[in-house]
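Here's the structure, in structure tokens; my notes come after.
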Amino acid sequence: MKIDPIQLTTDLINCPSVTPEEGGALILLEAILTKANFKCQRIDRNGIPNLFARWGSPVSGSTFCFNGHTDVVPPGDLELWDSNPFKARNDGSFIYGRGAVDMKSAVAAFVAASLTYLNNSKPKGSIAIAITGDEEGKAKDGTKAILEWMKKNNEVIDHCIVGEPTSTTIVGDIIKIGRRGSLTVTFTAIGLQGHVAYPDKAINPIPAITDLIRTLTEKPLDSGNKYFDPSSLVVTTIDTNNKTTNLIPGKIKSTINIRYNDLHSSSTLLNWLKSITSNIEKKYDLKIQIQEQLSGEPFVTKPDKFSNLIKSAIVKEQNISPNFSTSGGTSDARFIKNYCPVVEVGLIGQTMHKVNERVEIKQIHQLSSIYNEILSSYFRAF
């Protein structure tokens, strides 16, 4: 059985799968994979659609897994689009539509590559495909649900590629071997509301929060290391919600986001934040509440036989030497790394989440060829 990755990309874009809607995308993929002798299992949880498919037996050899998502972000203002974002438009060079880059084309590429490879080979081992409908959402019932189901049912995978858009100028020029951690923290300084003409009868929380932010941002967190750039701390909001000019506000909120490398953990960063906050509380004689949200800890799959195999496949197919990187935001690789080595290889992500999102047709073919070569090399090596 063969699948045209361009047609499959088109068909997937035509499925309106804005998180958490399935939109027909997983139904389509399940039908294709079942026909190709994959054993498919829907793993829906809390209204989130997920699909796990496996060809072959994990007992007889290694299992290579592709991971991706078919859910997309909303299109935004439809009047800004040149065409219907959920009706793929092919102009001969590009395909336009929501999810064209992030990441229905990569899903189409690895499904097509898997079927092409299996048409010509019968590996000793298995190919697994794990696709979620919750990557763009809270990511609590997507890939995490699939992995938990796999563990419960002894569904083992040995190595994994996530098809997120990772490339910058040429398909395959970047291999993500890890990701930074992401910690969001909101500080709420509680003062005492009062009239601006009588500041002695109020406690203004603004100086406290500005002092806190100054202290947090005055020095770099670190200088980075072999695999990671320096960590960053970015202030994203400072808000009193004060609508008038003659009122000292009773409280003020400020939010920061820390993207951190493996020189830190969320616990060490929170201890540092709490220590500085405690000093500010004492200095200004008020309370500061802390609310944190952890998206993921940093991780790295250090270059080894697996990552170098992928690098060699890209060199062969694209005639370029890709760089290893841990830059960017979070991805579902942060969950998979607890189960097996994982890297990310995908398309150029220049238009992801934008109006008139588009993918160059030749890039889909290039990515599918890379994936096919990776499969061939993998089952020779593992």
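The values are calculated or read from the model by the stated rules, or taken from the named source; none is laboratory data. All values reported here derive from a predicted model rather than from experimental measurement. All Cβ positions, even for glycine, are placed from backbone atoms using ideal geometry, and neighbour counts span all protein chains on display. All accessible areas refer to the heavy atoms of the entire protein, side chains included, with ligands and DNA or RNA removed. Shrake-Rupley method; radii C 1.70, N 1.55, O 1.52, S 1.80 Å.
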> So what are the ³J(HN,Hα) numbers for region 358-365, from phi and the Karplus equation (6.51, -1.76, 1.60; θ = phi - 60°), rounded to whole Hz, Gly and Pro as x?
Replying inline: 8, 10, 6, 4, 5, 5, 5, 4
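Which of the three applies to region 98-150, rounded, prolate or oblate, going by the alpha-carbon gyration tensor with a ≥ b ≥ c and a/c under 1.5 meaning rounded?
Values: a/c = 5.81, a/b = 1.44, b/c = 4.04.
Here region 98-150 falls in the oblate category.
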> In degrees from 0 to 90, rounded to the nearest 10, what is the angle of the helix 143-152 Cα long axis to the longest principal axis of the chain?
Replying inline: 60 degrees
> Residue by residue, what Karplus-based ³J(HN,Hα) values in Hz, rounded to whole numbers, does region 85-90 have, using 6.51, -1.76 and 1.60 with θ = phi - 60° and x for Gly and Pro?
Replying inline: x, 10, 9, 3, 10, 10
> Between Ile170 and Ala381, what length comes free when the chain is fully extended (0.36 nm per residue of separation minus the Cα-Cα distance, one decimal in nm)?
Replying inline: 73.3 nm
> Comparing Thr34, Thr237, Thr351, which has the greatest mean-square fluctuation in the GNM of the chain with Cα pairs linked when under 10 Å apart?
Replying inline: Thr237
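Assign one of three labels to the chain, namely rounded, prolate or oblate, based on the Cα gyration tensor with a ≥ b ≥ c the square roots of its eigenvalues; rounded applies when a/c is under 1.5, prolate when it is not and a/b is larger than b/c, and oblate otherwise. The partial results should precede the final answer.
Values: a/c = 2.34, a/b = 1.89, b/c = 1.24.
Taking the square roots of the gyration eigenvalues as a ≥ b ≥ c, the chain is prolate.
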>> Skipping prolines and chain starts, which residues have an amide H placed within reach, meaning under 5 Å, of the one on Gly194, given they are 5 or more residues away or on another chain?
In response: Ile248
> Distance in nm between label sites at His353 and Asp91, each 7 Å beyond Cα in the beta-carbon direction?
Replying inline: 2.4 nm
> Between Lys282 and Asp4, what length in nm is gained on full extension when 0.36 nm per residue of separation is reduced by their alpha carbon distance?
Replying inline: 93.6 nm
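Grab the Cα-Cα distance for Ile190 and Lys362, subtract it from 0.36 nm times how many residues apart they are, and report the gain in nm with one decimal. Could you put the intermediate results ahead of the total?
Details: separation 172, 0.36 × 172 = 61.92 nm, distance 5.65 nm.
Using 0.36 nm per residue and subtracting the Cα-Cα distance, I get 56.3 nm.
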> Local charge sum around Asn241 (other residues, Cβ-Cβ under 10 Å, Lys/Arg +1, Asp/Glu -1)?
Replying inline: +2
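Sum -39500 (n - 2.57) across every DSSP H segment of at least 4 residues in the chain, then divide by the residue count to get the 222 nm mean residue ellipticity, nearest 500.
Details: 9 runs with 116 residues, N = 382.
The per-residue figure over the chain is -9500 deg cm²/dmol.
At a 1.4 Å probe radius, which order do Val156, Val343 fall into by accessible area, largest first? Don't jump to the answer; show the numbers that get you there.
Values: Val156 80, Val343 0 Å².
From most accessible down to least: Val156, Val343.
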>> On a straight-distance basis, which aspartates and glutamates could pair with Lys226 in a cross-link, Cα separation under 16 angstrom, same-chain partners fewer than 8 positions away excluded?
In response: Asp262, Asp304
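Note down the net charge around Lys287, summing +1 for each Lys or Arg and -1 for each Asp or Glu among other residues with Cβ under 15 Å from its Cβ.
Values: positive: Lys251, Lys253, Lys274, Lys282, Lys283; negative: Asp211, Glu281, Asp285.
Taking every Cβ under 15 Å from that of Lys287, the sum is +2.
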> Quick one: net charge of Ser312's neighbours, Cβ under 14 Å, K/R +1, D/E -1?
Replying inline: +1
> Taking a probe of 1.4 angstrom, what is the accessible area of Asp332 in Å², to the nearest 10?
Replying inline: 10 Å²
